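Following: one structure in structure tokens, then a few remarks.
All of the numbers you see were taken from the coordinates with simple rules; none came from a lab. Remember, it's a predicted structure, so these values are computed and weren't measured experimentally. As a convention, Cβ positions derive from the backbone with ideal geometry for all residues, glycine included, and neighbour counts pool all protein chains shown.
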Amino acid sequence: MAAAFTLFGMVACSTTTASAPDSSTQVSEPPTTFKCVKQGNGWATIGEKGNFTTKSPLITWDSKEFGPEYTPDKRCNIVSAKLTKAVVDNGGKLGLLKIKVGSLNNQKVVCVIKDAQTSCNDGNTLFTLNQKHSDKPAESLQKIFQQYSEGSASNSKLDQNATSDSILLKNLVDLEAGKKL
């Protein structure tokens with residue numbers, strides 16, 4: 001298709017051809033992010049992706065065991081930000097990110113790891129398990145995320161692709177269109 005433009009008495013011609021859109025300029029899907037929301041008398045970490053929100057909270061925060069410095073809402077905000085950062089660092093995708101139980105500084109912790117990582121460290125730790133959960137960390141990991149599958153027909157999403165001490169993050173993030181808590 002040719003176009004001619006007259007500019008100050010001069011004619012300029014341009015020839016353009018139609019082509020397929022460049023894949024590098026195509027709009028990519030929004031990343032999954034996490035945020036802390038008020039839920040009843042407590043706080044909850046939820047996942048969002050565009051107009052989609054998790055059907056159930058990933059984690060609810062009600063323990064005051066960690067004292068006034070780490071209130072439930074503060075821990076909720078910290079962990080939500082760390083989960084979002086892990087996804088951003090993974091190219092905006094949940095991919096093979098796992099929630100894992102491990103040890104750090106002689107304490108049982110929950111961290112988020114990429115598929116090739118095997119241990120928790122200062123950079124990937126989400127939170128420290130409280131005394132009640134630290135005795136049986138793998139079992140506690142399943143219990144912490146148990147509310148995810150309550151009300152669903154099966155709990156298989158927690159067990160699918162999970163080892164005794166880890167859960168695939170994408171199995172926990174079940175998104176539903178337009179649902180806002």
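Using a cut-off of 10 Å between beta-carbons, work out the net charge of the residues near I113 (Lys and Arg +1, Asp and Glu -1, I113 not included). Intermediate results must be reported in sequence, preceding the final value.
Working: positive: K98, K100, K114; negative: D115.
Every neighbour counted, the sum reads +2.
Shape call for segment 40-85 from the C-alpha gyration tensor, a ≥ b ≥ c root eigenvalues: rounded (a/c under 1.5), prolate (a/b greater than b/c) or oblate? Working shown, then result.
Details: a/c = 3.36, a/b = 1.75, b/c = 1.92.
The shape class here is oblate.
For T84, what is the net charge nearby, where nearby means another residue's Cβ is under 13 Å from its Cβ and Lys, Arg count +1, Asp, Glu -1?
On the way: positive: K35, K49, K82, K85, K93; negative: E48, D89.
Summing Lys and Arg as +1 and Asp and Glu as -1 gives +3.
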